[in-house]
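The structure appears below as structure tokens.
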Amino acid sequence: MSQANLSEILFKPRFKHPETSTLVKRAHHHPALTTESALEGQATHHWYRMINRLMWIWRGVDALEMQEVLARIAASPAERTDEALLDTVVGYRNGNWIYEWSHQAMLWQQKALESTDPAARGEYWLMAANLYSIAAYPHLKGDELADQAEVLSNRAYEEASQHLPYQLKELEFPIPGGAPISGFLHMPHEGKAPYPTVLICGGLDMMQSDHYRLFRDYFAPRGMAMLTIDMPSIGFSSRWKLTQDTSFLHQQVLAQLGNVPWVDHTRVSLLGFRFGANVAVRLAYLEPRRLRAVACLGPIVHNLMCNSAAQEAVPDMYMDVLASRLGMSTASDAALRVELNRYSLKTQGLLGRRCPTPMFSGYWPNEPFSPKEESRLIVSSSSDGKLLEIGKKPVYRGFHQAMEEMSSWLKGKMR
């Protein structure tokens with residue numbers, strides 16, 4: 001079945017789909033001030049979603065194209081669930097967030113289907129995957145239209161993998177007690193298999209296709225492979241709920257890497273973004289014999305789980321993502337806070353104890369999601385820790401320099 005036909009079938013109107021911002025039944029408040037974060041983007045009182053311009057541009061989306069889509073959403077006269085929030089248009093139609101970004105993705109997938117240049121075709125499919133991923137963002141459970149956009153993002157990424165200059169393999173990992181999950185192994189041109197490999201622990205609002213540039217610009221030039229799997233309750237891992245054993249899926253994959261001929265299972269490290277750092281640091285304690293090193297960027301491992309003031313300071317969308325992942329979409333804020341406390345690695349009795357795995361943690365100063373103390377706690381708990389302060393301005397350069405330093409550090413630990 002062609003990608004175009006699949007799009008028509010998945011998005012064929014059937015009934016009035018629930019609008020994304022209504023899926024989590026929490027008491028929402030429109031922020032009085034703008035919240036800015038290098039990894040999460042910007043939250044203002046006009047949008048429910050955080051607008052992550054930096055990372056979307058970094059992944060390859062053109063800034064003018066992005067503004068065009070956002071303008072179409074903002075200008076829509078259609079009914080909204082909250083008239084104060086521009087991205088809450090009801091129904092799959094003009095102005096709806098998922099509709100507009102999916103429409104943009106379809107334009108790129110059509111270019112891919114029409115292109116006769118294999119290299120260009122790969123880039124067009126990759127762009128479509130990125131745009132479908134933004135359409136599904138922030139990937140809340142029960143968002144049927146977002147689920148369909150996720151399917152299309154994964155299909156587009158699979159198509160891109162057949163034309164991009166690096167070799168990508170889709171791997172399936174059986175998981176005890178439930179459905180198997182799929183991951184993408186990205187392999188460099190330099191060297192030969194088996195490769196030292198970085199297993200990615202992404203944020204709760206990220207998909208596997210979001211990491212391609214990370215591999216292309218930082219890991220591949222250093223001769224390292226990259227393996228991605230989805231976090232519990234999203235993408236290929238959607239059948240798995242996030243539990244207090246946050247590292248369960250990644251631990252199962254880690255244990256099976258000895259059976260993957262392209263991976264040197266004696267040289268494996270983890271990289272965790274945001275809540276993914278919770279997974280990575282947890283495994284640093286649980287699997288020190290299988291891991292060479294763990295690196296974190298803007299980690300969420302303790303403070304946001306236990307500090308109610310910190311929870312109030314982050315945008316509604318991110319707290320909704322946490323509630324959705326925990327299966328607490330209808331729970332009270334008080335119940336959510338009690339449950340989140342159990343996800344703190346300090347509460348679990350891990351962080352604060354000496355860990356033999358080398359750990360690197362980068363942070364941005366005065367950031368609401370992950371204060372300096374969070375990263376300092378990680379590196380001080382490691383027998384070989386490294387702390388990195390990332391410059392806030394210019395944001396793009398600071399992020400690039402941090403990824404260069406982190407990638408070189410990981411390569412050094414996997415020699």
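Every test in (1) open to solvent by 10 Å² or more (accessible area, probe 1.4 Å); (2) among the charged types (D, E, K, R); (3) at pLDDT 95 or above is passed by E374 save one, and that test is (1). Among the residues of region 136-172, those that are part of a helix (DSSP H, G or I), touching a residue at least 40 places away in the same chain (Cβ under 8 Å) and open to solvent by 20 Å² or more (accessible area, probe 1.4 Å) comprise E144, D147, Q148, V151, R155, E159.
The residues in region 235-294 that are among the small types (G, A, S), over 20 Å from A323 (Cβ atoms) and in contact with a strand residue (DSSP E or B) (Cβ under 6 Å, 6 or more places away or on another chain) can be counted, and the count is 6. Restricting attention to region 215-224 and to residues that are crowded, with 23+ Cβ neighbours inside 10 Å and either in contact with a helix residue (DSSP H, G or I) (Cβ under 7 Å, 6 or more places away or on another chain) or modelled with pLDDT under 90 (or both), the residue that is nearest to W58 (Cα to Cα) turns out to be F219.
Each residue in region 106-132 was checked for being touching a Gly at 6+ places or on another chain (Cβ under 9 Å) and buried (at least 23 other Cβ atoms within 10 Å of the Cβ), and 3 of them qualify.
Of I181, I175, I98, all but one fail to be closer than 19 Å to Q208 by Cα, in contact (Cβ under 8 Å) with a residue 40 or more places away in the chain, of a type outside the set (F, W, Y) and assigned by the TED database to the domain that holds R49; the exception is I98. All conditions in (1) under 23 Å from F248 (Cα atoms); (2) without any contact (Cβ under 8 Å) to a residue 60 or more places away in the chain; (3) surrounded by fewer than 18 Cβ atoms within 10 Å (Cβ to Cβ) hold for S344, with the sole exception of (3).
Could we say that G191 is surrounded by fewer than 21 Cβ atoms within 10 Å (Cβ to Cβ), in contact with a Gly (Cβ under 7 Å, 6 or more places away or on another chain) and in the same structural domain as I229 (by the TED database) here? Break it down into steps so the answer makes sense when it comes.
On the way: surrounded by fewer than 21 Cβ atoms within 10 Å (Cβ to Cβ): yes; in contact with a Gly (Cβ under 7 Å, 6 or more places away or on another chain): yes; in the same structural domain as I229 (by the TED database): yes.
Taking the combined requirement at face value, the residue satisfies it.
L336 passes every criterion in (1) in contact (Cβ under 8 Å) with a residue 60 or more places away in the chain; (2) open to solvent by less than 10 Å² (accessible area, probe 1.4 Å); (3) over 17 Å from G272 (Cα atoms); (4) under 21 Å from the mean Cα position of the chain (by Cα) apart from (4).
Residues checked against (1) over 29 Å from F273 (Cα atoms); (2) assigned to a loop (DSSP other than H, G, I, E, B); (3) open to solvent by 40 Å² or more (accessible area, probe 1.4 Å):
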site	(1), (2), (3)
E36	no, no, yes
Q42	no, no, yes
H45	no, yes, yes
A84	yes, yes, yes
Y92	yes, yes, yes
G95	yes, yes, no
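In region 287-314, the residues that are within 18 Å of G352 (Cα to Cα) and in contact (Cβ under 8 Å) with a residue 40 or more places away in the chain form Cβ pairs under 7 Å with partners that are open to solvent by less than 10 Å² (accessible area, probe 1.4 Å) and acidic (D, E), at six or more places apart or across chains, as follows: P299/E374; V301/E374; H302/E374; N303/E374.
The values are calculated or read from the model by the stated rules, or taken from the named source; none is laboratory data. Since the model is a prediction, treat every value here as computed from it, not as a measurement. Backbone-built Cβ (ideal geometry, glycine too); neighbour counts: all protein chains shown. For the accessible areas, the whole protein counts, side chains as well, though only heavy atoms, and no ligand, DNA or RNA atoms are used. Shrake-Rupley method; radii C 1.70, N 1.55, O 1.52, S 1.80 Å.
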